[in-house]
Ligand SMILES: [Mg+2]
């Protein structure tokens, strides 16, 4: 008998690509400004950095392109203070899941200001018993640590929990290692062989599993 669901945020509740252009535009502005001022980055390099920034962790970019420390610090500062202030919509299917009568938790990793602004914009705050944002800047806590902590604090057994996410290497792996059932939301069938209890291209299929 399931008692609670733990949701991931990015690409599980809403599609990141729906906000990427606007979000990264702010950050790219800092890069453009600095590349021109300091004048040590070739325009082609700047374009390559921008492309990689949409899909790689920031620190990876800093190391790979040996970004000037001042630029890196300023961009990191921008990231830490960035919010998303335009309208956002959850996936259509999410509206079915939020009404499942179980405790719901949101566990996400990222810069808290940005994650909080997205939660605000999506209007989903009230859907959760608790929202936990792990700031990789400040904490070594993993999703597995957070899940174990939820289990301890609310006295849930592994079989009473259900984890929904889009990343086999993150929340899905963490949950499986704690013997928690998982649902891998994989809309493009990117991970046909990834270990998971359940898997679907459609978020709505959660309803049949928990029903
Ligand atoms: Mg995700």
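State, to one decimal in nm, how far the label point of residue 64 lies from the label point of residue 141, with both points 7 Å from Cα in the Cβ direction.
Here the modelled spin labels are 3.0 nm apart.
At 222 nm, what value in deg cm²/dmol follows for the chain if DSSP H runs of at least 4 each add -39500 (n - 2.57) and the sum is divided by all its residues, to the nearest 500?
Mean residue ellipticity, 222 nm, calculated: -12000 deg cm²/dmol.
Does segment 120-181 come out rounded, prolate or oblate, given a ≥ b ≥ c as the square roots of the eigenvalues of its C-alpha gyration tensor, rounded meaning a/c under 1.5 and, failing that, prolate meaning a/b above b/c? Working shown, then result.
Details: a/c = 1.43, a/b = 1.21, b/c = 1.19.
Judged from the Cα gyration tensor, segment 120-181 comes out rounded (a/c under 1.5).
How big is D for segment 1-125, in µm² s⁻¹ as a whole number, if Stokes-Einstein is applied with the Kirkwood radius of its Cα pairs at 10 °C and 1.306 mPa s?
Answer from the Stokes-Einstein relation: 97 µm²/s.
Taking Cα centroids, how far is segment 1-38 from segment 140-206 in Å?
Distance between centres, Cα-based: 21 Å.
Rounded, prolate or oblate: which one fits segment 20-81, using the alpha carbon gyration tensor with axes a ≥ b ≥ c (rounded when a/c is under 1.5, else prolate when a/b beats b/c, else oblate)?
On the way: a/c = 1.23, a/b = 1.21, b/c = 1.02.
In terms of gyration-tensor shape, rounded.
Please state the equivalent ellipsoid semi-axes for the chain: what are the square roots of 5 times the Cα gyration tensor eigenvalues, largest first, in whole Å?
Working from the Cα gyration tensor, I get semi-axes of 34, 17, 16 Å.
Mind sorting 146, 46 by how few other Cβ atoms lie within 10 Å of their own Cβ, fewest first?
Numbers: 146 21, 46 17.
Neighbour counts put them in this order, fewest first: 46, 146.
Please compute the length gained on full extension between residue 177 and residue 78, using 0.36 nm multiplied by the number of residues separating them and subtracting their Cα-Cα distance.
32.2 nm
Compute the relative contact order of segment 44-151 as a whole-number percentage, counting only Cα pairs closer than 8 Å that sit 6 or more residues apart in sequence. Walk me through the numbers before you get to the answer.
Details: 87 pairs, mean separation 25.9, N = 108.
For segment 44-151, the relative contact order is 24 percent.
How far, in nm, would the chain grow between residue 193 and residue 22 when pulled straight, counting 0.36 nm per residue and subtracting the alpha carbon separation?
Numbers: separation 171, 0.36 × 171 = 61.56 nm, distance 3.34 nm.
So the chain would gain 58.2 nm between residue 193 and residue 22.
Just order 187-199, 69-81 by mean Cβ neighbour count inside 10 Å, highest at the front, would you? List each step's numbers first, then the result.
Details: 187-199: 12.9, 69-81: 14.7.
Taking the mean over residues of other Cβ atoms within 10 Å, the ranking is 69-81, 187-199.
Ratio of alpha-carbon Rg to the 2.2 N^0.38 Å globular estimate for segment 83-165, to two decimals, please. Write out the running numbers ahead of the final one.
On the way: Rg = 13.6 Å, N = 83, 2.2 N^0.38 = 11.8 Å.
Normalised Rg, Cα atoms only: 1.16.
Throughout, read-outs are computed from the coordinates displayed, never taken from laboratory work. Nothing here was measured: the structure is a model prediction, and the numbers come from that model. All Cβ positions, glycine included, derive from the backbone under ideal geometry; neighbour counts span all protein chains shown.
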